[in-house]
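Everything on this sheet refers to the single structure shown next.
The values are calculated or read from the model by the stated rules, or taken from the named source; none is laboratory data. Predicted model, so just to flag it, every value in this text is computed and none were measured. Ideal geometry is used to build each Cβ from the backbone, glycine not excepted, and the neighbour counts take in all protein chains shown.
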Amino acid sequence: MKKNIFLLLFFVSTSCCKIDPDALHGYYHFSYHNHAWLTVHSGWMVDESGSIRGYNNPEKWNYPDSLGYISRYQLEENVSYCDTVIGRVSPGKVSYYNLFVYSASKGTYSEPKPHGADMGARVYYCYWYDRSKDLYRQVMLNQDGDWICHNTDNSAKKIYKWLRDLVTN
């Protein structure tokens, strides 16, 4: 009897909670911008396979639109502009953190506070797939530099902590 109940619960849970692999594929990104003395645009992205790919002043870069949306093609093109593999994370770890991206996308931001001058901006992002638009939305997790601001959602904090520890910037 217990076995039948377990099997019933298993089938019900798997049939009503289908997971779309596209919706779960997250992109993760660290960006440093500074325009104080020289223009600097550097950072890294985590690709689908778990490679951490770095870039330094790429000639071309795709930025999200004014609402924060960017296409999958543009994100993959940005990954292609990364010219160095600087680390690796297991695909299982990437999949684990993908589970927190939706919640992070619903987070609110702390009030930006001035922190310095000519420091630029060091920003950690994840990208949430919006099925209704067939686009990804850039979600800021944490920013420091000239201004400090962070996503207040607990999932955003969890993703930020993971990303912060991936690469020493």
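Rundown of residues vs (1) in a helix (DSSP H, G or I); (2) surrounded by fewer than 17 Cβ atoms within 10 Å (Cβ to Cβ), yes/no style:
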position	(1), (2)
Gly87	no, yes
Val94	yes, no
Asp118	no, yes
Cys126	no, no
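So, Val89, is that one in contact (Cβ under 8 Å) with a residue 12 or more places away in the chain, β-branched (Val, Ile, Thr) and touching a Leu at 6+ places or on another chain (Cβ under 8 Å) or not? So Val89 fits the description; yes.
Checking each residue in segment 49-75 for being touching a residue at least 24 places away in the same chain (Cβ under 8 Å), surrounded by 13 or more Cβ atoms within 10 Å (Cβ to Cβ) and more than 19 Å from Ala121 (Cα to Cα) picks out Gly50, Ser51, Ile52, Arg53, Tyr69, Ile70, Ser71, Arg72, Leu75. Do we find that Leu75 is more than 22 Å from Gln143 (Cβ to Cβ) and either modelled with pLDDT of 95 or more or not aromatic (Phe, Trp, Tyr) (or both) in this structure? Taking the combined requirement at face value, the residue does not satisfy it. The condition (being among the small types (Gly, Ala, Ser) and without any contact (Cβ under 8 Å) to a residue 12 or more places away in the chain) is satisfied by just one residue among Ser95, Ser110, Ser132, Ser105: Ser132. Determine whether segment 60-72 contains at least one residue that is under 27 Å from Lys161 (Cβ atoms) and modelled with pLDDT under 95. So far as segment 60-72 goes, yes, one or more of its residues are under 27 Å from Lys161 (Cβ atoms) and modelled with pLDDT under 95.
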